[in-house]
Amino acid sequence: MATKQKPSSESYATPQNGNTLKSRLSQRFTPRRFTPYGRTPQSRRITTVLSTTQGKRKTVRAKSKTQSESVAESEEFKGFINKTWRVFKLSPLYKFSSSPKDLKRYGQLLSSCFVAASQKGMFVENNISGKAMFCVQEGLKKSEYDPDAVQILIKGKRTTGTTDTALLTATLCGVEMEEEQLSPDVKDHFMYYPVLLVKSTVALTDVLITWLQMHFDCKVTPMIFPPVHLAWMIGMWSGALANTNRKKKPVELVYQVPSECEGIKKVTYTIEAEDCLKVWNSIHDHRSDMFTEEEMTTFLSCLEEHFYSLFRIKLNAMQLSCVGTSLCYIGREGLLKIYSEEHVISILRHLTELSVEHFNLV
C-alpha cells in the first residue's frame, strides 16, 4: 500500500489493493471532462466485430486466432512495435493512387524533395543522402471501405555512417472503416487516409508533410487527444488482456498540474495491472460487448478517488495528458508507442474512428 508523502516535481503513486478501489464503486462521482469535438458517444464496442450502429465504437479485445494466424500477423505488424510514432490526421488526397507505377513515381518525387532540403541545410546533419520508397503495406486493409495502406520509407546514409538506415518510416492507413466517407461525385478524384503514422526526426517529418500537402492538395495536422479521449482509452484498454497469459505492464495515468500550483508540473499515477483489472471486471458487465460512458466515468473516478484517499490530491481537477496500458502508451500531443502485436489493428482502428469523427464534423 502506498504511503502519503510530500509531492515533488513529479509525483508517483502505486496502489496495490484492488479491493480498496472496488469498495468505492458504490459512490457517485461527476468529474468534469473537456471535449472540443461535440457530443461523446454513449458507448463503445469491445469486440472486433464490425458495427453498423452510428456513433458507437469498438475497443481492443482480440478475436481468437489459430497459432499460425497469430504468428503470421505478429510478423506483419512487428514493425509497429516498441517504436515511438507521431500520429497525424489528413484530409482526402487529390489524385493519389496506390498503383505500383504511381507509387514508384511518388518515391522519385519525394527523393528529389529530400535532396533539395538537404542541400538547403534543413537538417542538423549535413550531407545526408537518401532515397524514398512507397509500397502497399499488407495486412491493414480489413474492410471493403479501407484504402490500400501505403508505407513510406526514406533510407540513406548519415554523415558518420557507412550503411543505409531507415531515416523515416511512415504509414498511411484507414483501418476497419465502416462506410464510404467520400460522396460519389468526388471519390473518383480523392483518396481518403484518416491516419498517418510517422517515425523520424522533426525536420524529416516536416519535409514529408510539406510534400504531401503540396502534391495532393491536402491538409496534414497532428492528432491531439483531449482528456475525454484518453479517459475512454484507459477505460477500454485496461481490460483488453483479461483472458490472456501475456505479461501485463502497469496501468499509468499522467496528469498535467495547473500552472497556479508552483513546484510541481505533473502527477504520474501507476496502478498494478491486476488491481486495475479487478476494478474493470467489477464495473463492466461481461455479458455485454459494449463499454458505456457510465462505466468509463465510474472506472476513472474510482482510480482518482483512491488516489485522493491516499494523497489528498484531486486528480479530476487536472488535465489527463498521457495514458499507458499493456497495449500501448499514448499522449495528448499524438505520441504513440504500441506494445502488443495482436492489438495493432484494434488500436489503428480506434485512431481511424477518431480521425473520421473530426473529418465528418468539419
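For this structure, a couple of remarks:
- Using the 1.4 Å probe convention, the accessible area of the stretch 81-158 works out to 54 Å² per residue with neighbouring protein chains retained.
- Cα-Cα over 30 Å, subset of Lys83/Lys157; Lys142/Lys187; Lys155/Lys249: Lys155/Lys249
- Order by protection proxy (mean Cβ within 10 Å, highest first), peptides 334-343, 179-188, 255-264: 334-343, 255-264, 179-188
- Rounded if a/c under 1.5, otherwise prolate or oblate - the stretch 201-352, Cα gyration tensor axes: oblate
- Global form of the stretch 136-241, assessed from the alpha-carbon gyration tensor, a/c cut-off 1.5: oblate
- Taking amide H as placed 1.01 Å from N in the peptide plane, the amide H of Ile152 sits under 5 Å from that of Ala170, Thr171, Leu172, each at least 5 places away or on another chain.
- Apportionment of accessible area to carbon and sulfur, the stretch 192-245, percent (1.4 Å): 52
- The stretch 265-350 - percent of accessible surface contributed by carbon and sulfur, probe 1.4 Å: 46
- Relative packing of 301-309, 348-356, which averages over residues the other C-beta atoms within 10 Å, highest first: 348-356, 301-309
- Taken as Cα centroids, the stretch 305-339 and the stretch 81-101 sit 28 Å apart, rounded to the nearest whole angstrom.
- With DNA, RNA and ligands ignored, accessible area of Lys266 (1.4 Å probe; Å², nearest 10): 70
- Value of relative contact order over the stretch 249-362, rounded to a whole percent, pairs C-alpha under 8 Å and six or more apart: 26
- For Lys265, a cut-off of 15 angstrom between C-alpha atoms picks up these aspartates and glutamates, skipping any fewer than 8 places away in its own chain: Glu10.
- Cα gyration tensor category, rounded, prolate or oblate, for the stretch 190-273 with a/c compared to 1.5: oblate
The values are calculated or read from the model by the stated rules, or taken from the named source; none is laboratory data. Treat the numbers as computed from the prediction; the structure is a model and nothing was measured. All Cβ positions, glycine included, derive from the backbone under ideal geometry; neighbour counts span all protein chains shown. Only protein heavy atoms, including side chains, enter the accessible area calculation; ligands, DNA and RNA are left aside. Shrake-Rupley method; radii C 1.70, N 1.55, O 1.52, S 1.80 Å.
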